[in-house]
Each structure stands twice: as structure tokens, then as C-alpha cells.
Amino acid sequence: MTVLNTILLQLLTSVMTTVTPAPDSPANEFAYLYDQLPFEMEMVERPQIPDREVDIRDFGGIGDGVTLNTEAFAKAIDALSSQGGGHLIVPTGVWLTGPITLKDNIDLHIKPDAILLFSTDRDLYPIAETVFEGLDTKRCISPINARGAKNISITGGGTIDGNGDSWRQVKKSKIAPSQWKALLKSGGFTNEKGDVWYPDSTSYRGSMVSDAFNVPQGLSTEEEWNSVKTYLRPVMIGLVECENVLLEDCLFQNSPCWNIHPLMCKNVIINHVTVRNPWYSQNGDGLDVDSCENVLVINSSFDVGDDAICIKSGKNEGGRRRARPCRNLIVDNCIVFHGHGGFVVGSEMSGGVQNIKVTNCRFLGTDVGLRFKSCRGRGGVVEDIYIEDIVMMNIPTEPLLFDLHYGGKSAVEAAAEGASPFDVEFVPADETTPQFKEIFIKNVICSGAARAMYFNGIPEKNIENIVVENCEIVSDKGADLRYSDGVVLRNVKITQSEGEGFSVANCKNVLIEDCSDASGDDISIFKHNSKNVKVR
């Protein structure tokens, strides 16, 4: 039986045995996800919402797409909260509103034919302290937000639209000429080069005082922060230190910045959601799970402008000081169409990432499939990650990427800069040195990639103990391993169109077992300054 047939059989068996729990399974509907889980994880359950309903229309709400309903939502949530919570029903219509703050025991239930549309009026979004790109900073308050809330949910099958086009800057290179002309006619500003459009002067001014990761520097007074307000575009769903959270069935789209951002939350279920942003959307991430614990991301689809499903835990000194790893997370049966990465860890991982299982996912045209990224200065350890049964196609860089030299660019942009040298300067390891280790990947099919895999480590703390097995990859170039220790490639078939199937540089203790490439019976391998590389 070929590697491809073996993997397909395993994938089919996995789907048949895991997608639908048996009739006599435990009461928890998600119990099947914990079968043979390789780490201990508390079983996550739905939030308990009281069986009480109110209708937004009973509080003056009008769903005509013109009337502003901010006050109606606030009154409805306050009324439910005073009674101990319940379901806020948003019926058919287009419900224009400013920010909505969820409270304990509240379900925002948006009916399938309802659209929650957030206003473009900046005055409705006060600037508040938050965390963005792993750093303590200030941003405009999220369209849907909660802080310290318990038992909250967004359900019903409706649409949540963040009106993000009015907030985001746009790179000329990412859109068609006709779209660029339309932006210029709409007003706004461009930079000196004329290759980035900003919706207003505060957005442009913000870009001038921000670091490479979009966080303004050197601002202290309220006046200074307001002078860059549009640049402080909010994440659409911002949940901070919440517990027992459910997002289910709804469409989340067109966010001003990241789409869904649970930060320091516990017991989170994201089930059967659709997350969309225009592919050109700056920082248009789908889901950023940040220093959270006990999370399910299942049965969902993503089509976004940046990383799709991304795991984070703070950046640099701030993340290490927070010391809250992102851990105990299951991702299952998800599909990603467009994104900088399908499943991503980092680059903000300074608080650590551990105990994650990713299964039964499809990445169709993402820049990278499985993307692990960090850089010197971050610190933090990413470990105990288990990935299996992944199908990919049309990946313009690598289906599997470990990069400890991340500099803020997408993998496509980084690849365009050309090949990196094999030898990297040694820097003594300390608390700022990041590490990837104990990561297990199996049963992967990728049809079409630029390079089969790329392990881009650092000499002071190698990428360590990575096991990749039962994979079949069709790519332009083969696997490229650098500064890695204890890598096992087992039953990996690479069909490359140029060069060697395997390149090993500045590595040690590498086992390439039962593998093949386009060269035929004996694999083609390039070695540079590596020790104990075994092929059998």
C-alpha cells in the first residue's frame, strides 16, 4: 500500500470514528475529542445560560440598518443581567450599533437572517487599555467586548460585521488597480511612497509613531492617543479574562483588525463558526487564542487576510512577566481557505505554549500550512504539540515551517528575499531565547508547495525533538533542516521537482527512516556541518 493510500485510509477512519459521538457516549457532547488525548485536559462544557429571553425590539431596537441601536442593546443586557441573565434575541433585520458589552450569564442570540452591523462612527469607540500584539497598550474598545465575565455566548446563526473597511489601511500591492483607484477617490491619505492608503489623518499619523508590529510608541496623554485613534482599530470580538465562553454557528466578518481574540480566558468553545476577512486586510487574523486554557476550536471555517488559527501568549518581557501559557487546546475538523498560516503558533509566545492537539483539518491555499514562528528576544517554550490528519493543497511556501528568525513579514514576503545563509552567529542563551520542542506531526498530505518543510533554528537553542511521520508532499524543493536536534522523519515521501529531497545543515541526531524522494530508491541528501545524521 502506498503512503498516500495509507494516509487516506487513516484519515477516513479518523473522520468515521471522531466526528459523531456514539449514542451511548458520555453526556458531554464533546467527549469524543478527548479520546486518546495525549495530555490531561479538563473537559469543557457549554456555559450555563438561564432559560429567559428578551427581544431587542422590546427595548427600542429597530433593525432597518439606519437606526443606531447602541442604547437598546445596553438596556436589554442590563435588564437581563438584573434578573440573573438569559438570551438576548436579535431577530431578522440589519441592526446598526456601537459597541456591545456582554455581562455574566448573557447569550447574544443573533437569528440566521439577522446582521449585526457595527457603526463607523469613531466617537462610539472609546480608547481603552488592552493587550495587542503581545504588548500592554491602548486600542479602541472592541465592537463586542467583555472583561471578567462568566457564562457568555454568541449564538443563533446570524452575521456579525465589523465594518472593517472603514478602519484599515490598505497596501497597494494587495488589491486590484481598480480597487486602488476607488480608495483614492474615497479620500484618505497615502504614505510618501504612495503604496499604502490610510482612511484618515489619525490612521496615517499612527503609522508614523508605531513599531513594526503596529503598536504606537511614545504616547502618554489622552490628546496624543486620540491623535492616532483610527490607527487603534479594534479587534472585533475582544474577551478578556472571561470564563465559560461559547461562540457557535455565527458568521464573523470584516473586522477592523483581528477578528476573534480571547485573552486570558478559560473554558472556551468555538464551534461551527465561519470567520472571514478580505484577503488584503491588514492584520486580518481569524482567531487569536492568547494565554487561554481549556479551549475547543472545532467544525469551523476561516478565510482571512492574516493568520487563521493562531496561538499566542504575550511578547518579550511583558509576556514572560505575565507568565500565562496558552495550554490545553483542541482544534478539530476546521478548514482554512486563505491566510498567512492555517494553524499558527507565535510569534508572541513568550509565556509559553503547551498541550495542543490539531486533527482533521484542511488548508487550501494558505501561505503556510503549519506555521511555528518566533525570534530571539521572545523567550518562552512551545512544547507538547500533537498534529495529525492534515490535508493541504496549493501552499506557496511550506506546509510545515519552524522559524526562529521571524521579523514581522509573511512567509511569502520572507521567501521573496531569497535564501538565508546556512551558518548563523551564536548568541549565548538566556531567558530571552525561545524554544520549540517535543512536537509530533503525522498523516499529512500536501499537493503543491514551494518547499516540503523548513526548520530554521538558532545555534544556541536548536529546534528539538520534532517527529514527522507518514507524510506525502509534492513540492518544488525538498525538506530543509537547520539548527535542529533530535529530528525524526519517518515514512515521509517528498516528490520534489528540483534539488535534493533532504538538506541538513548545522543539525545533530537526525534520523531519516523509510523516506523517499524524487530521486528514486536512494534518497538524495545534502549535508552541511551536521553530526549523527542517519538514513535507513
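The values are calculated or read from the model by the stated rules, or taken from the named source; none is laboratory data. Here the structure is a predicted model, which means the values were calculated and not measured. Just the protein is used for accessible areas: all its heavy atoms, side chains included, with ligands, DNA and RNA removed. Shrake-Rupley method; radii C 1.70, N 1.55, O 1.52, S 1.80 Å.
With a 1.4 Å probe and all protein chains in place, put Arg205, Arg122, Arg536 in order of accessible area, largest first.
Most to least solvent-accessible, the answer reads Arg536, Arg205, Arg122.
Using a 1.4 angstrom probe and counting only protein chains, how large is the accessible area of Cys140 in Å², to 10?
Approximately 10 Å² of Cys140 is accessible to the 1.4 Å probe.
Could you please state how large a percent of the accessible area of the chain is carbon and sulfur, counting protein chains only and using a 1.4 Å probe?
Carbon-and-sulfur percentage of accessible area, whole number: 49.
Need one word for segment 83-132: rounded, prolate or oblate. Basis is the Cα gyration tensor (sqrt eigenvalues a ≥ b ≥ c); a/c below 1.5 gives rounded, then a/b vs b/c decides.
It is oblate, given that a/c is not under 1.5 and a/b is not larger than b/c.
In whole Å, what is the distance between the alpha-carbon centres of segment 61-80 and segment 145-173?
One Cα centre to the other: 17 Å.
Using Cα atoms only, what is the angle between the long axis of helix 3-18 and the major principal axis of the chain, expressed in degrees (0 to 90) to the nearest 10?
Roughly 30 degrees, rounded to the nearest 10.
Which aspartates and glutamates does Lys493 reach when only Cα atoms under 19 Å apart count, and residues fewer than 8 places away in its own chain are ignored?
Qualifying aspartates and glutamates at Cα under 19 Å: Glu388, Asp389, Glu398, Glu469, Glu472, Asp476, Asp480, Glu513, Asp514, Asp517, Asp521, Asp522.
Roll a 1.4 Å probe over the protein chains and send me the accessible area per residue for the chain in Å².
I get 39 Å² per residue for this part.
Under the rule of -39500 (n - 2.57) per DSSP H run of 4 or more residues, summed and divided by the residues of the chain, what mean residue ellipticity at 222 nm is obtained, to the nearest 500 deg cm²/dmol?
Dividing the helical sum by the residues of the chain leaves -3500 deg cm²/dmol.
Using a 1.4 Å probe on the protein heavy atoms only, what accessible surface does Arg276 show? Give it in Å² to the nearest 10.
120
Using bins 10 angstrom wide from zero, how does P(r) for segment 354-440 break down, in % of all Cα pairs?
With 10 Å bins starting at 0, P(r) equals 15, 41, 36, 9.
Could you pull out every one of the lysines with an alpha carbon less than 26 Å from that of Lys193, ignoring same-chain neighbours closer than 8 positions?
Lys171, Lys172, Lys174, Lys181, Lys185, Lys229, Lys409
Excluding ligands and nucleic acids, what accessible area in Å² is computed for Trp279 using a 1.4 Å probe, to the nearest 10?
The accessible area comes out at roughly 130 Å².
Near Lys461, which lysines are there with a Cα under 17 Å away, not counting those fewer than 8 places off in the same chain?
In chain and number order, the partners are Lys373, Lys437, Lys508, Lys531.
Please compute the Kirkwood hydrodynamic radius over the chain, one decimal place, Å, based on all pairs of different Cα atoms.
24.1 Å is the Kirkwood radius here.
Amide H of Asn69: which non-local residues (sequence gap of 5 or more, or other chain) have their own amide H closer than 5 Å, using H built in the peptide plane?
Residues meeting the amide H criterion: Leu96, Thr97, Gly98.
Rounded, prolate or oblate: which fits segment 92-179, taking a ≥ b ≥ c as square roots of the Cα gyration tensor eigenvalues, rounded meaning a/c under 1.5, else prolate when a/b beats b/c?
Taking the square roots of the gyration eigenvalues as a ≥ b ≥ c, segment 92-179 is oblate.
Cα axis of helix 177-186 to longest principal axis of the chain: angle in degrees, 0 to 90, nearest 10?
Its long axis makes an angle of about 30 degrees.
Sort segment 237-278 into rounded, prolate or oblate with this rule: let a ≥ b ≥ c be the square roots of the eigenvalues of the Cα gyration tensor; rounded if a/c is under 1.5, and if a/c is not under 1.5, prolate when a/b is larger than b/c, oblate otherwise.
Since a/c reaches 1.5 but b/c is at least a/b, the shape of segment 237-278 is classed as oblate.
Please list, ordered by chain and number, the residues whose modelled amide H lies under 5 Å from the amide H of Asp480; skip anything fewer than 5 residues away on the same chain.
Sorted by chain and number, the residues that satisfy this are Met453, Tyr454, Phe455, Ser503.
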